[in-house]
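Quick note: the coordinates plus some simple rules give every number you see, no bench work behind them. Everything numeric in this text was worked out from a predicted model, so none of it was measured. No Cβ is skipped: glycine too gets one built from the backbone with ideal geometry, and neighbour counts run over all protein chains shown.
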Amino acid sequence: MTETTPNASTAGTTAAIHPEVPRLADRLVDQLAFPHRDTYHQMVSAFRDVGFELCADVCAVDYLTHPGRTLPAGVTPERFEVVVNLLSMSMRQRVRIRVQVPESDPSVDSIVDVYPGADAMEREAFDLMGIVFAGHPDMTRILMPEDWEGHPLRKDYGVGRVPVQFKEAPGPR
Amino acid sequence: MGFEDLQHNFLTGRIEDLVKWARRNSVWPATFGLACCAIEMMSVGAADYDISRLGMEVFRASPRQADLMVVAGRVSQKMAPVLRQVYDQMMEPKWVISMGVCASSGGMFNNYAIVQGVDQIVPVDVYAPGCPPSPETLLHAILTLHEKIRTGEITRRPGTSVPAGEQATGGWVPTVPDAVRVATPR
Amino acid sequence: MSEHDDREQAEIGLEDTERAHREAEERALVAETSEGAQELMPRGTTSAGELRQEVGAVLRLPEGGYVDPGDIDIDRRDDQTMIINMGPQHPSTHGVLRLMLELDGETVLRTKPIIGYLHTGMEKTGEELTYVQGATNTTRMDYLSPLHNELVFSLATEALLGVELPPRAVWIRMLMAELNRMSSHLMWMATNGMDLGSTSMMIYGFREREMVLSFFEKTTGLRMNHNYIRPGGVAADLPDGWQDDVEVICETVLARTYEYDELLTGQPIFRERTEAVGNISAEEALALSVTGPILRSTGVPWDLRRTMPYLDYNKLDFDVIVGSYGDNFDRYSVRLNEIRESIRMVRQIAEMMPPGDYRVQDRKVTPPPRARIDESMEALIHHFKVFTEGFRVPEGEVYVAIESPRGELGCYLVSDGTSKPYRMHIRAPSFVNLQALPLLLRGGLMADAVAVISSVDPVMGEVDR
């Protein structure tokens, strides 16, 4: 959970026109949910029924080189995480769902049947991170060429840097 | 016209000059805008930095009707064979301006996804640096190309034999007159 | 003469082998540019279930009504339809988008956008650059509104850092963001006009845009890809006399938006080509996660600047422009009126701009002024540290979203406590909006395809990242 200190209201400006809307910094204390892989799809459907109309973002994170991240009790960290950001327009709220995905079996249920807009985003997560979304109608690469091998955004995939003059070191700067 | 086979005398020299004048004053670019540089290329085609005064405002969509390919933007691995295909479809004589640092050398993206310089795929005549190059830079590149066409260097493909006099300098420098070299005032 | 004949024969023989060689090369190239499973498959090889998926988003809606089986045209045979390829290099000035269209005569049935031709590995590059350099990377994603990309990245970084920005920095950011929205929409009007055949609109749009760009050059140093909005504030203060410059821009552009009304809005041909073309309903748009002018054109009044304000947008007085039918014309009028609303906002910002610092004074985050480096050892050290190693950001993760000219632009930033982001993911609005394309094009004519793509306003830099 991230918490930020609320900003003091600025002095010397005209009266706020919509004072009741909380400021960005106050709103960023996001709500997080950590379902298990098996209950993930169910939870997403439940959120949709409660009033989260829009699936803002689906992405994946590879925690290979940062295994010691803070997680709530009862959640076993795995190598990959699938992160889904949902938006409720009626309640003006966001929620973030983080699912742990093991390296040995990198696959999760697809939420395309709940939010059709997650289609392209799941394909991107598959293409760049290698996570298979079971039940997705078209699980093919979307950004890399079809015959590309490997998943570039993984931490064990190099940047692919060509050595240039004055920066002889092959690794990151 | 196959200049390469002509016997050069003072009569054919005049015809050559005429043909070169025609070629350089009506270079039609092919639309090959890829990324941010494409927007600056469109600005060059628009009113403020008009290239219509150089005879170039007709961006031909079909590469068969185009003379110049301005590679404007970063070339990704997926796009590289397409670039080569479009270049091959263009008719001789054809020229390539590599616009921007991403096209010239990979730019700030030295990674798996970007071809490090479009000259790995097509032969480039003029490189225009910048990220993105301001329209004045692109105009300078176009004028440099015009000079290159005018002085006839264009009948020699880059990479072929260099005249003995220039080998000493280690490279070929276009004989661009000073009037073009001076920075254009804002 | 016989020598001449021999030479001719030899030349013809040479030409034959040359031609054969060329043809082999072309075949190889065609094979190289084919994207295999990413392309649209002919009907014969597509199962009925997949056809249902591709034919329209209506069928993908979980609670959507069932479509008449006659409408699905599953039984249409392969030889009755034609799959054609449009792009990635094509006259529509919207970048390297490749579309595979299945046509029945002139009518478009299925569409599949194939993207990735501008994939730059920016998210991977973002993990290699420090937070100070991060804005140079993100700014090149949506290259028509680069300041918005920098803004979202900076907001995400500041959320993790927990810094409080001085008010002037916030208002300068708002000013630049709204000017950028104006220049992006003007550019859209130019390319949309061009796609529909109006070359004058292209010239007008760029002419107006040049005014905004020269103001940007005066303030930030660059016409595009500015790297001006950085974590901690902005890179430099506004130049003297900026209020006059901004007022000239506002006056001129506002007067010219009425010229565009004369040129396009009332014109019968334009209306015929854009009304009732590319319709989308609000439910379909929400299901496909479409945001921005496309969603607002369907009637949903969702604008993050009003509903979930960031910076100080809750102190400005502006309207959210909403359409009714979700067709091309509504998207055009939403964007045109958003230009006018931005002008209104810019004028308010110019009046209410507070004095003060243009960046946070925390020396661990923002570099000291250049003059101080000569005087103070600490300043020199801070400058060195900030520009070589960068500043460390506490561990955590955050998702921040702003309203870019294309929709909801979000940044999901994961930090592991070092000076480089652990994972930087940008939720690009055009990437998600492109999913609506098969639905928008279905049942329309081929000639409308270009107009519809243009009205969706994709910027391939952020689609492919």
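Brief remarks follow.
- Peptide A:45-53, shielding by other chains (average Cβ, 10 Å cutoff): 1
- In the stretch B:28-145, the DSSP beta bridges split such that about 10 percent are antiparallel, to the nearest 5.
- Of the residues C:Leu445, C:Gly356, C:Ser154, the one whose Cα sits farthest toward the positive end of the charge dipole of chain C, with +1 on the Cβ of Lys and Arg and -1 on the Cβ of Asp and Glu, is C:Gly356.
- Dipole magnitude of the stretch B:28-145 about its Cα centre (Cβ charges: Lys, Arg +1; Asp, Glu -1), debye to nearest 20: 360 debye
- Inter-chain Cβ neighbour count for A:72-83, averaged per residue, equals 1 (cutoff 10 Å, partner chain atoms only).
- Share antiparallel - DSSP beta bridges, the stretch A:24-134, percent rounded to 5: 75 percent
- Each label point was placed 7 Å from the Cα along the Cα-to-Cβ direction; for C:Asp240 and B:Ile15 their separation is 6.5 nm.
- When each of C:Lys364/C:Lys420; A:Lys155/C:Lys385; B:Lys20/B:Lys94; C:Lys315/C:Lys420 is checked by Cα-Cα distance, pairs over 22 Å: A:Lys155/C:Lys385; C:Lys315/C:Lys420
- At R0 = 51 Å, FRET efficiency that the Cβ-Cβ distance of A:Phe34 and C:Tyr325 yields, to 0.05: 0.75
- If only the Cβ of Lys and Arg carry +1 and only the Cβ of Asp and Glu carry -1, the dipole of the stretch A:24-134 around its Cα centre is close to 420 debye.
- Within the stretch C:189-221: backbone nitrogen closer than 15 Å to the C:Leu445 label point (7 Å, Cα to C-beta): C:196-197
- Counted over the stretch C:241-324 with a bin width of 5 Å, the fraction of Cα pairs per bin, in whole percents, is 3, 12, 13, 14, 19, 18, 12, 6, 2, 0.
- Candidates C:Gly116, C:Ala28, C:Met211 compared by Cα position along the dipole of chain C: farthest toward the positive end lies C:Met211, with charges placed on Cβ.
- One chain, two ends: C:Lys385 and C:Lys218. Fully extended at 0.36 nm per residue, the span grows by 57.3 nm beyond their Cα-Cα distance.
- Across peptide A:107-118, the mean count of Cβ atoms from other chains lying within 10 Å of each residue's own Cβ comes to 4.
- Long hydrophobic helices in chain C, taken as whole DSSP H segments with a C-alpha length of 18 Å or more on their own axis and mean Kyte-Doolittle hydropathy at least -1.0: C:146-161, C:167-196, C:199-220, C:242-260, C:328-352.
- Per-peptide packing, taken as the mean over residues of other Cβ atoms within 10 Å, places C:349-361, C:283-295 in the sequence C:283-295, C:349-361 from highest down.
- Under the simplified labelling scheme, the C:Glu351-C:Glu378 pair shows an inter-label distance of 4.2 nm, with each label point 7 Å from Cα along Cα→Cβ.
- Between B:Ala22 and B:Ala47, the contour length at 0.36 nm per residue exceeds the Cα-Cα span by 6.6 nm.
- Rounded FRET efficiency, nearest 0.05, which uses the C-beta distance separating B:Arg60 from C:Arg370 and R0 of 56 Å: 0.70
- Bridgeable lysines around C:Lys112 (alpha carbons under 30 Å apart, same-chain partners fewer than 8 residues away excluded): B:Lys78, C:Lys124.
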